[in-house]
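Novice: My questions all concern the structure below.
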Amino acid sequence: MMTIPKIVILTGAGISAESGLSTFRAQNGLWEGYDVNDVATYEGYMRNPTAVHDFYNMLRRKLQHPNVKPNAAHFALAELEQKLGTDNVLIVTQNVDNLHEQAGSKNIIHMHGELLKVRNEKTGQIIDCFNDVNYQQNKLIRPHIVWFGEIPLQMEQIYDALSQADYFISIGTSGNVYPAAGFVQIANQTSAKTIELNLEPSLGESLFQTKIYGPASKVVPEFIKTFI
Ligand code: BV8
C-alpha cells in the first residue's frame with residue numbers, strides 16, 4: 001500500500017506574476033513605485049495611514065480586476081490537493097492575493113495576511129473587505145497584512161507541518177524575506193526532499209536538492225505531474 005506523501009508548498013509573488021500581479025523585487029525593491037518602508041511597515045502606517053490605505057485600496061482593486069485570474073500553476077496545486085487529499089498538501093503562501101483559493105485550493109495558510117480582509121486594531125476582529133477602506137470613517141480598521149517587523153501568522157502550524165513534510169516545494173519566491181526564506185533549512189533538517197521551482201535561482205538556491213527554472217505556469221504543472 002503506497003503511503004501518500006505529506007507536501008508543504010511555499011509560494012511567493014512569482015506564482016502570481018503571470019496572472020498580472022507585480023512581484024516585489026523585480027523593480028529593484030520599489031514595489032508598485034512605492035518604498036516598502038512607507039507602505040509595508042507599521043511605522044509607515046502610523047506616519048501616514050491614509051497613504052497606506054490608498055496603496056492597499058489600489059492593490060485590492062487590482063486583484064479584483066476581471067483580467068487577474070489564477071494561472072496554470074495555481075490550478076496544478078489545487079489539483080494536487082484534490083488528488084492527494086487536503087490533509088496531505090499544505091500551501092503556505094507569502095502572497096496576500098486569493099488566487100490559490102480561486103483555483104480551488106483549500107488547505108492554505110496566508111502567513112503575510114490577506115488583501116481582501118481588514119482587521120479591527122482594538123478588537124482583533126478580521127472582516128472580509130472587497131471595497132476601498134476610508135480611514136477617516138473608521139480609524140481602527142487596518143489592512144489584515146503582516147508588515148515588516150510584524151509577526152507572521154500561524155507560525156506554529158507552519159513549523160509543525162514542516163517537521164512532518166516528505167516534500168518541501170518552494171515556488172516563485174526570491175528568498176529575501178524571513179522567516180519564509182528559512183523554511184528550506186528546517187525541511188533539510190528532516191528527511192524531506194526539497195525542490196525549488198522559480199524563474200531564476202533564489203538566494204536560497206544552494207539549499208535545495210532539486211531546482212527547476214522557468215515560468216511557474218510551465219514548470220509547476222510539469223513537476224506536479226510527477227506526483228499524480
Ligand atoms: C518577522 C506584506 C519576527 C506586504 C510582506 C530588520 C528589522 C525588522 C525585521 C527584519 C530586519 N531584518 C530582517 C528582518 C526580518 C524581515 C525580513 O525578512 N526582512 C528582509 C527584507 C531582510 N521579516 C519580517 O519582518 C517578518 N517578520 O521576521 O517577525 C519573527 C520571525 C519568526 C517567527 C516569529 C516572529 C515579516 C515579513 C512580512 C513582510 N510582509 N508582505 C504585502 O504583501 O502587501 S513580505 C513581501 O515579500 C510579500 O509577502 C512577498 O511575498 C514577500 C517575499 O517576496 P517574494 O514573494 O519572494 O517576491 P519577490 O518579488 O522578492 O520575488 C519574486 C520571485 O518570483 C523572484 O525570485 C522571481 O525570479 C520569481 N518570478 C518572477 N516571475 C516568475 C517567477 N517565478 C516563476 N514564474 C514567474 N513567472
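Novice: Can you classify the range 7-224 as rounded, prolate or oblate using the Cα gyration tensor, where a ≥ b ≥ c are the square roots of its eigenvalues, rounded means a/c under 1.5, and otherwise it's prolate if a/b beats b/c and oblate if not?
Specialist: prolate
Novice: So if I place +1 on the C-beta of Lys and Arg and -1 on the C-beta of Asp and Glu, and nothing else carries charge, what would the dipole magnitude of the range 118-228 be about its Cα centre? I want it in debye, nearest 20.
Specialist: 140 debye
Novice: Mind checking which of 163, 176, 140 is farthest towards the positive end of the range 7-224's charge dipole, using Cβ charges of +1 (Lys, Arg) and -1 (Asp, Glu) about the Cα centre?
Specialist: 140
Novice: Any idea how many Lys pairs in the chain come in under 13 angstrom at the alpha carbon, given 8 or more places apart or on separate chains?
Specialist: Counting lysine pairs in the chain gives 6.
Novice: Can you give me the accessible area per residue for the range 65-192, using a 1.4 Å probe, in Å²?
Specialist: 47 Å²
Novice: What's the local net charge at residue 39, with K and R +1, D and E -1, over the other residues with C-beta under 10 Å away?
Specialist: -4
Novice: Over what distance in Å are the Cα centres of the range 70-106 and the range 119-186 separated?
Specialist: Centre-to-centre (Cα) distance: 17 Å.
Novice: For the pair residue 26 and residue 47, what calculated FRET efficiency results from E = 1/(1 + (r/R0)^6), where r is the Cβ-Cβ distance and R0 = 25 Å, to the nearest 0.05?
Specialist: The calculated FRET efficiency here is 0.45.
Novice: Follow-up question, since we're still on this one. Within the range 178-228, which trypsin sites (Lys or Arg not before Pro) sit in a loop by DSSP and count at most 13 neighbouring Cβ atoms inside 10 Å?
Specialist: Sparse-neighbourhood loop trypsin sites (Lys or Arg not before Pro): 225.
Novice: Shifting gears a bit: List every residue whose amide H lies under 5 Å from the amide H of residue 117, counting only residues 5 or more places away in sequence or on a different chain, with H placed 1.01 Å from N in the peptide plane.
Specialist: Placed amide hydrogens put 129, 144 under 5 Å from residue 117.
Novice: Still on this structure: Probe radius 1.4 Å, ligands and nucleic acids ignored: give me the carbon and sulfur share of the accessible area of the range 7-224 as a rounded percent.
Specialist: 52 percent
Novice: Among 81, 196, 43, whose mean-square fluctuation peaks in a Gaussian network model of the chain (Cα, cutoff 10 Å)?
Specialist: Ranking 81, 196, 43 by mean-square fluctuation puts 43 first.
Novice: Give the shape of the range 21-132 as rounded, prolate or oblate, defined through the alpha-carbon gyration tensor: a ≥ b ≥ c are the square roots of its eigenvalues, a/c under 1.5 means rounded, and otherwise the shape is prolate if a/b is larger than b/c and oblate if not.
Specialist: It is prolate, given that a/c is not under 1.5 and a/b is the larger ratio.
Novice: Suppose every Lys and Arg Cβ carries +1 and every Asp and Glu Cβ carries -1, with no other charges. What dipole size does the range 7-224 come out with about its Cα centre, to the nearest 20 debye?
Specialist: In total the dipole reaches around 320 debye.
The values are calculated or read from the model by the stated rules, or taken from the named source; none is laboratory data. Just so you know, these numbers come straight off a predicted model, no measurement behind them. Cβ coordinates were reconstructed from backbone atoms using ideal geometry, including for glycine residues, and neighbour counts include every protein chain displayed. Quick note on the areas: whole protein, heavy atoms, side chains included, nothing else; ligands and nucleic acids left out. Shrake-Rupley method; radii C 1.70, N 1.55, O 1.52, S 1.80 Å.
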